[in-house]
Amino acid sequence: MNNKHQPFIFPSVIEDYVPADAPVRVYDAFVDALNFEKLGISIEPNPRGGADEYYPKDLLKLLIYGLSYGIRSSRKLERACHDNLSFIWLMGGLEPDYRTIARFRITHKEAIKKVLKQCVRMCINLDLIEGNVLFIDGSKFRADASINNTWTKEKCENSLRKIEERIDQFMDDLAKADAQEDSEESLVKIKEQIHDKANLINKIKDVLQDLETQGSESINSTDADSVRAHSRQGTHAVHNVQSSVDGKHGLIVHAEAVSQNTDYNQLSVQVKKSVENIGKTPEHVCADAGYADVDDLKKVDPAINVVVPSHKQAQKENGRCPLTPFDKERFVYDRQTDEYVCPEGKRLKFASVPEKNRNRRRYQAKGSECRSCPHFGDPDSGQCTRSSAGRRIIRLSDEELKEQMAANYQRPENQEIYRLRKEKVEHPFGHMKRNLGAGQFMLRSTAKVNAEVSLLATCFNLARMITILGVPHLLGKLTGS
């Protein structure tokens, strides 16, 4: 049976509260090793003092170490500074209140976003990041906003119509109350309701104007930078977090949230920002079919080996779209004659360029040849075509690049790189969402959310660094001892 009245003496010095190999010492040394001048945070003592004038290094240590515990709430961080020995050691006995912690996080959001870059540079110096192979992926994190606050043009118009009908009803009630000389209290209440509805109409009209200005299909009135996305758990307002992971130890070299519900056209941007962080161009970049945007792939440095399957390749590998005998891939393009040759040897000649899409070229076989072919019939039944005009094929202006990318993906060495993609790039997202409990952001707007993303990625990297090097060795490297 425990005895709460049993005398117990804590060490007289806070330094002795945690052992020499405690992980908290790594977080302490890591923040001490950061260049705060490059972060844009002044660490000079403020002569004015005041409740929010805690030493910035201490508050940043609290945010990062707290997140490593899965503690993100400023109120819970305040409590930890009172109750948890490792937090007491980290803060040297300081006990900032939750308002101070929250204010620091918001005030220095731009500086916090730069912490990850310095962490990456440390990892490069420790030979933990090579920068030769980058794996890129995106994952949806819920926004601090309800999907019910997502507005489309149709929803705005329907709401305006219903509110106007409701106002008409209130006006009728007001006229009746006047005629019956009801109590002043009833008249005032109805007028207040009319006023509230009129304010709501103005807000909805502002949302409509934002939709037109931004050219967006929808906008969330709580977090305008969030987007609507579907998942296994339903439809939610989310931020799409893009992550670039190094191939050596799976450490994150760049991470950010984007206001886009797909990964389309993100590859070149993420590669560019990753290169800025690691200071070198990678030899290989690998991503899934969600990044297979030919226009975007053309923007990637041609010296980089890009391993990205086409949508059709990904579907075939997943068993969703097996190759049939007369798929387009079975037709061979003859560059010399600018014709396609079908599996039966018939030629499809260039026919036209559609007026509405000048990036497409249409090729067509002779109708008489197709009708006399034994494979003429319903494509759903394994036949080639049932069109009496003959089989058609569309060739994109970038078809050659698509074919090159598809062939490159099939190379054995690139298949090996792609095989490693999941175990490298999915690990950070799993750690953030499950171990750190960060499946939903606490802040709103891209600027604030990216401060959270930077801390999450930094916490993942620190956890990996501890696993790879161990606390004593890593401490020695960070402190130079």
(message) Among the residues in region 377-400, are any assigned to a loop (DSSP other than H, G, I, E, B), among the acidic types (Asp, Glu), farther than 30 Å from residue 256 by Cα and not assigned by TED's automatic domain parsing to the domain that holds residue 293?
(response) yes
(request) Could you please tell me which pairs satisfy a Cβ distance under 7 Å, a separation of 6+ or placement on different chains, a first residue in region 29-43 that is outside any helix (DSSP H, G or I), and a second residue that is among the β-branched types (Val, Ile, Thr) and surrounded by 19 or more Cβ atoms within 10 Å (Cβ to Cβ)? (result) 34/115
(request) Please name all residue pairs, on different chains or six or more residues apart, with Cβ atoms under 7 Å, provided the first residue is in region 106-134 and is small (Gly, Ala, Ser) and the second residue is crowded, with 18+ Cβ neighbours inside 10 Å and assigned to a helix (DSSP H, G or I). (result) 111/39; 131/278
(request) Answer yes or no: is there a residue in region 81-97 that is closer than 16 Å to residue 442 by Cβ and surrounded by 14 or more Cβ atoms within 10 Å (Cβ to Cβ). (result) no
(request) Would you mind telling me which numbered condition in (1) modelled with pLDDT under 90; (2) under 28 Å from residue 440 (Cα atoms); (3) of a type outside the set (S, T, N, Q); (4) in contact with a Phe, Trp or Tyr (Cβ under 7 Å, 6 or more places away or on another chain) residue 43 fails? (result) (2)
(message) When the residues of region 463-481 are narrowed to those that are modelled with pLDDT under 90 and assigned to a loop (DSSP other than H, G, I, E, B), which ends up farthest from the chain's Cα centre (by Cα)?
(response) 481
(message) Just the residues that are in a helix (DSSP H, G or I) and among the polar types (S, T, N, Q), please, taken from region 437-462.
(response) 446, 450, 454, 458, 461
(request) Among the numbered conditions (1) more than 29 Å from residue 292 (Cβ to Cβ); (2) not in a helix (DSSP H, G or I), tell me where residue 138 comes up short. (result) (1)
(message) Quick check on region 275-289: of everything there that is part of a helix (DSSP H, G or I) and modelled with pLDDT of 90 or more, which residue is surrounded by the fewest Cβ atoms within 10 Å (Cβ to Cβ)?
(response) 276
(request) Could you identify the single residue in 380, 293 that is among the acidic types (Asp, Glu) and buried (at least 17 other Cβ atoms within 10 Å of the Cβ)? (result) 293
(request) Six or more apart or on different chains, Cβ under 7 Å: which pairs go from a residue in region 421-445 that's under 22 Å from residue 226 (Cα atoms) to one that's part of a loop (DSSP other than H, G, I, E, B) and hydroxyl-bearing (Ser, Thr, Tyr)? Could you list them? (result) 444/222
(message) Just checking, does region 112-127 include any residue being at pLDDT below 90 and assigned to a helix (DSSP H, G or I)?
(response) no
(message) Can you tell me how many residues within region 1-28 are at pLDDT 85 or above and in a loop (DSSP other than H, G, I, E, B)?
(response) 6
(request) Would you please name the residue that is nearest to residue 82 (Cα to Cα), looking only at residues in region 125-137 that are crowded, with 19+ Cβ neighbours inside 10 Å and either more than 18 Å from the chain's Cα centre (by Cα) or of a type in the set (Ser, Thr, Tyr) (or both)? (result) 128
(request) Name, by its number, the condition in (1) aliphatic (A, V, I, L, M); (2) crowded, with 16+ Cβ neighbours inside 10 Å; (3) in a helix (DSSP H, G or I) that does not hold for residue 71. (result) (3)
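The values are calculated or read from the model by the stated rules, or taken from the named source; none is laboratory data. As the structure is a prediction and not an experimental result, all values here were calculated from the model. Note that each Cβ is placed from the backbone with ideal geometry, even for glycine, and that neighbours are counted across all protein chains shown.
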